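The values are calculated or read from the model by the stated rules, or taken from the named source; none is laboratory data. Small disclaimer: the values here were computed from a predicted structure and weren't measured. Neighbour counts are summed over all protein chains in view; Cβ atoms, including those assigned to glycine, are modelled from backbone coordinates with ideal geometry.
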Amino acid sequence: MSNLKKRLKVVQVGIGKMGKIWLDILRSDSRIQLVGLVDIDNQALEYSRKLCQGDQVKVGENLLDILMETHPDFVLVVTPPFTRKSVICQSLRSGCHVLCEKPLASTFNDLKKIVKMADLSGKLLMVSQNYRYHAGAILVRSLVTEGTIGELISIDVRYADSPNFCDWRTIIDHPLLIDMSIHHLDLIRFLTGLDPIKVFCQETFDKNFYFKGSPTVKMILGLDNSATVNYSGTWASTHINSSLCGEWILTGSKGIIKWNGEYEANLWQQNRLMEKYVVEKEKKDKLELSLEFFIKTLNDFKKHEIPNSYKDNLPTIKTALSACRSAEKQELVII
Ligand SMILES: NC(=O)c1ccc[n+]([C@@H]2O[C@H](COP(=O)([O-])OP(=O)(O)OC[C@H]3O[C@@H](n4cnc5c(N)ncnc54)[C@H](O)[C@@H]3O)[C@@H](O)[C@H]2O)c1
């Protein structure tokens, strides 16, 4: 059997809410051989042992021990953001490729160390930004890049939700920016092919709310073609929630695209609705598509050295961390 056809051995770290969804995807993928599961929580370990009873899967709380016992091809990281540096660096140092959930890091300091380790290790490090596989996002991206609205002038994004978290999100700084807005910041880049170059961000604290950090932000971003983004996001929504991707108005020199963050986008020109575009929901789960891209990149990576994939994500994570810095200092930050 050729190397490419061999099943890829995987250790997953983090078996929480998102980890359980990832675990189902790994277990149903014939290209994957799950060899280890790591978590520091007893209930998560018990769940993992029950689920994998009878399978050849090592379960434990010490990542290095599990890596030494199982020698995986790659590690899937689904732990909270503040654990990234330690989990990613241990995995790369142990000779494993890494696929990690967003965000790549939760501080500039951690980001620097992760990047250094990725470069030293020569292993593939990729961030899963699964909203890029949303069929509606792919539709809007093609409309924008084909020039349907001409040159992009501005974007308005509104995200609003009212989740009831009782986890790390309620005790970290900048929870919305780090955990949720990062999806929308990445979508700005994906939909337009443009990168943010400056940001001013203001966070709002509602004393009746249960987060330590702010669940509500307003941001103005400047893109590298001089277009402006006006972003509003909240987890403290009381009246009208948006879709997870948010509601978008993209204004160009030749028209406007309104996207509901789902599977419909409308083209407006001179105050008239000119076209309604509707696409079908993705046939595969967006995480599955993210995994597929990782495996494809991994296979190419073996054939010829390609630029390490985390670099594609750097403008996204740097924008999110710059927004945190702007909110702290109350000043415009150049990214
Ligand atoms: N892409 C998406 O749509 C999406 C959706 C939800 C969450 N996420 C991301 O997934 C990650 C996990 O989020 P979640 O909601 O599953 O959180 P969670 O709290 O439900 O789960 C995290 C798990 O990691 C474990 N853990 C913590 N520190 C660890 C360590 N050092 N070593 C091993 N295990 C450790 C915890 O015990 C817990 O079981 C976050 O980065 C989050 O941003 C992505």
request  = Considering only the range 103-124, state which residues are within 15 Å of the ligand (Cβ to nearest atom) and within 27 Å of Lys303 (Cα to Cα).
outcome  = Leu104, Ile114
Answer residue from the range 235-250, given it is among the polar types (S, T, N, Q) and modelled with pLDDT of 95 or more and is surrounded by the most Cβ atoms within 10 Å (Cβ to Cβ) among those = Ser242
message = I need a count of the residues in the range 250-307 that are without any contact (Cβ under 8 Å) to a residue 40 or more places away in the chain and part of a strand (DSSP E or B).
response = 10
Which listed residue, of Tyr159, Tyr131, is outside any helix (DSSP H, G or I) and touching a residue at least 24 places away in the same chain (Cβ under 8 Å) = Tyr159
task = Examine the range 165-173 for a residue that is away from the ligand (no atom under 16 Å from the Cβ), surrounded by fewer than 20 Cβ atoms within 10 Å (Cβ to Cβ), of a type outside the set (Asp, Glu) and touching a residue at least 60 places away in the same chain (Cβ under 8 Å), and state whether such a residue exists.
result = no
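For (1) in a helix (DSSP H, G or I); (2) within 21 Å of Met180 (Cα to Cα), each residue gets a yes or a no:
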{"residue": "Leu99", "(1), (2)": "no, yes"}
{"residue": "Pro103", "(1), (2)": "no, yes"}
{"residue": "Ser106", "(1), (2)": "no, yes"}
{"residue": "Leu111", "(1), (2)": "yes, yes"}
{"residue": "Asp119", "(1), (2)": "yes, no"}
{"residue": "Lys123", "(1), (2)": "no, no"}
{"residue": "Val127", "(1), (2)": "no, yes"}
{"residue": "Leu139", "(1), (2)": "yes, no"}
{"residue": "Leu143", "(1), (2)": "yes, no"}
remark   = By residue number, the members of the range 197-218 that are of a type in the set (Ser, Thr, Tyr) and in a loop (DSSP other than H, G, I, E, B) are Tyr210, Ser214
request  = Check off (1) touching a strand residue (DSSP E or B) at 6+ places or on another chain (Cβ under 7 Å); (2) outside the structural domain of Gln270 (by TED's automatic domain parsing); (3) not in a helix (DSSP H, G or I) for Ile149 and give me the number that stays unchecked.
outcome  = (2)
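One line per residue, one yes/no per condition, for (1) under 20 Å from Lys296 (Cα atoms); (2) buried (at least 21 other Cβ atoms within 10 Å of the Cβ):
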residue: Lys6; (1), (2): yes, no
residue: Gly19; (1), (2): no, yes
residue: Ser28; (1), (2): yes, no
residue: Val35; (1), (2): no, yes
residue: Asp41; (1), (2): no, no
residue: Ala44; (1), (2): no, no
residue: Asp55; (1), (2): no, no
residue: Lys58; (1), (2): no, no
residue: Glu61; (1), (2): no, no
message = Condition first: at pLDDT below 95, farther than 21 Å from Val127 by Cβ and either within 12 Å of the ligand (Cβ to nearest atom) or of a type in the set (A, V, I, L, M) (or both). Can you find one or more residues in the range 6-28 that meet it?
response = no
inquiry  = Consider the range 210-258. How many of its residues are aromatic (Phe, Trp, Tyr) and closer than 13 Å to His184 by Cα?
reply    = 2
inquiry  = Just checking: which of the strands (runs of 3 or more DSSP E) contained wholly in the range 1-95 hold 2 or more residues that are free of Cβ contacts under 8 Å to residues at least 40 places away in the same chain?
reply    = 32-38, 58-60
ask   = Restricted to the range 181-201, and to residues that are away from the ligand (no atom under 16 Å from the Cβ) and more than 16 Å from Ser226 (Cβ to Cβ), which residue is surrounded by the fewest Cβ atoms within 10 Å (Cβ to Cβ)?
value = Leu191
